[in-house]
Amino acid sequence: MNRKILLDEKEMPTQWYNIVADMHNKPLPPLHPGTKQPLGPADLAPLFPMGLIEQEVSAERYIDIPQEVQDIYKIWRPSPLFRATGLEKLLDAPVKIYYKYEGQSPSGSHKPNTAVAQAYYNKKEGVKRITTETGAGQWGTALSFACAQFGIECDVYMVRISYDQKPYRKVMMNTFGANVYASPSDRTQAGRDILAKDPHSTGSLGIAISEAVELAAQDEHTKYALGSVLNHVLMHQTIIGQEAEKQLEYAGDFPDVIIAPLGGGSNLAGLAFPFLKHKLQGTKKDLRCVAVEPASCPKLTKGKFMYDFGDTAGYTPLLPMYTLGHNFKPAAIHAGGLRYHGASVLCSQLLKDEVLEAVAIQQLECFEAGVKFAKAEGIIAAPEATHAIAQVIREAEQAKKEGKQKTILFNLCGHGFVDMMAYQDYFAGKLSDHSFTDEELTHALGEIDALQP
Ligand SMILES: *Cc1c(COP(=O)(O)O)cnc(C)c1O
């Protein structure tokens, strides 16, 4: 039995998979917040290049990956698929565990799969600068790298708490040539408004998005890029699952359950959608897919399926999604990539249609799982990715209890080498589990009632 299954560069997929083609219920349209009418491509043009807008609204099953993008992908792709023999031994359960490892990319996570594609389409349409937000710093690093490849300027608004907790992420972005600003900043109206109310705001992804969008909307040569949530972003990630399917074919296997952490849904979509194609087409009806979210930001398990803004200030279109309300303030957990109030439209619709399942896990259980995994497999996972590992362990224990064989595939979507502060805090006993009151949630959801069409 091979411990890792590798593909040759020649075997790298040359198309992205668009799950919209196979969805039974198509995603509801984004709405203009003023008119509550469906958005047209022209409404998005100030923020995104047309090449990406076309992908955003496409229902084509496969879209070609441009040759230039493929060439850059080859720096780290195809990525390895590992059989987790060390973890299997430790768990002593009737399970086979495989994981796709995206930590070998330039930024250390799956994010460059879409960053490179987005930079390419911006460059093709003459864009000079891209603004974006970053939480944990993973997306900002990925986009900084991608912009460096195409000679585009990159301005990153980094959530204040991560800016302070993860100084090396900032230096990585600077190394790739990007400008990095702590958010909320005084460079935008959205940032100044927040600081006026709360001078010590630790920021949030929603606030940082507002800042980046505001600046892109003001300048015709500047566009905005989002690291998750949008349909085209999820589609760019599907190269992960297409590779994994080939690799599992070589191993003579197919998963019973696919597990991934969910912030907006892009790494989950990337790994799972090419497999869910078979479920939607009716050939693998029993395939399960579990999205794992932090208990401190549980939009899938405690949120509501409603129209909501993607950001805090309310600059983005209204998206139909599972949300906690755009003013919900998640606790300052270390898994910064999962601290987002909503889930992507595609993942939300699939959860509503019971194609996906969701579970929320507290951070202490996740770090415990991450430490077990590091000892058994030799890879220190990003705090986000430990959420998937915790669920893998739960699934294995369940299989043991039931005496049932199970094949598990999960996304080790990033390494934690720049997150050692989080592990240090965990070892020092400084981390705790978080909850919030029903009143907080009811209040945050009540605020978006008026946004519904
Ligand atoms: C960004 C990020 C996430 C969360 O975003 P998704 O779009 O849900 O994938 C999870 N893990 C890592 C390592 C990330 O960088």
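Before moving on, here are some points about what is shown:
- Given (1) of a type outside the set (S, T, N, Q); (2) away from the ligand (no atom under 13 Å from the Cβ); (3) in a strand (DSSP E or B), index of the condition PHE367 fails: (3)
- Failed criterion for GLY126 (all others in (1) outside any loop (DSSP other than H, G, I, E, B); (2) surrounded by fewer than 24 Cβ atoms within 10 Å (Cβ to Cβ) hold): (1)
- Filtered residues of the range 89-143 (kept if among the hydrophobic types (A, V, I, L, M, F, W, C) and over 23 Å from the mean Cα position of the chain (by Cα)): LEU90, LEU91, ALA93, VAL95, VAL127
- Of everything in the range 219-260 that is over 20 Å from MET23 (Cα atoms) and of a type in the set (S, T, N, Q), the residue that is nearest to the ligand (Cβ to nearest atom) is GLN247.
- Of the helices (runs of 4 or more DSSP H) lying entirely inside the range 383-453, those containing at least 1 residues that are out of contact with any Cys (no Cβ under 6 Å at 6 or more places or on another chain), more than 22 Å from PRO298 (Cα to Cα) and acidic (Asp, Glu) span 383-402, 420-427.
To keep it simple, each residue is scored yes or no on (1) in a loop (DSSP other than H, G, I, E, B); (2) open to solvent by 10 Å² or more (accessible area, probe 1.4 Å); (3) touching a His at 6+ places or on another chain (Cβ under 9 Å).
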| site | (1), (2), (3) |
| --- | --- |
| ALA59 | yes, yes, no |
| GLN70 | no, yes, no |
| SER79 | yes, no, yes |
| LEU90 | no, yes, no |
| ILE97 | no, no, no |
| ASN113 | no, no, yes |
| ALA117 | no, no, yes |
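- Among residues of the range 317-364 being closer than 19 Å to ALA269 by Cβ and over 18 Å from the mean Cα position of the chain (by Cα), the one that is most open to solvent (accessible area, probe 1.4 Å) is GLU354.
- The range 380-389: number of residues that are more than 10 Å from the ligand (Cβ to nearest atom) and open to solvent by less than 20 Å² (accessible area, probe 1.4 Å): 1
- Residue match in the range 172-187 (condition: more than 16 Å from the ligand (Cβ to nearest atom), assigned to a helix (DSSP H, G or I) and over 22 Å from the mean Cα position of the chain (by Cα)): yes
- Whether a residue is surrounded by 23 or more Cβ atoms within 10 Å (Cβ to Cβ) and in contact with a Pro (Cβ under 9 Å, 6 or more places away or on another chain) was assessed, and ALA190 passes this test.
- Search result, residues across the range 55-114 that are within 16 Å of the ligand (Cβ to nearest atom) and among the basic types (Lys, Arg): LYS100, LYS111
- Residues that are more than 8 Å from the ligand (Cβ to nearest atom) and of a type outside the set (A, V, I, L, M, F, W, C) were ranked within the range 337-350; the one that is modelled with the lowest pLDDT is ARG339.
The values are calculated or read from the model by the stated rules, or taken from the named source; none is laboratory data. In this text the structure is predicted, and so the values were computed from the model without any measurement. Backbone-built Cβ (ideal geometry, glycine too); neighbour counts: all protein chains shown. Just the protein is used for accessible areas: all its heavy atoms, side chains included, with ligands, DNA and RNA removed. Shrake-Rupley method; radii C 1.70, N 1.55, O 1.52, S 1.80 Å.
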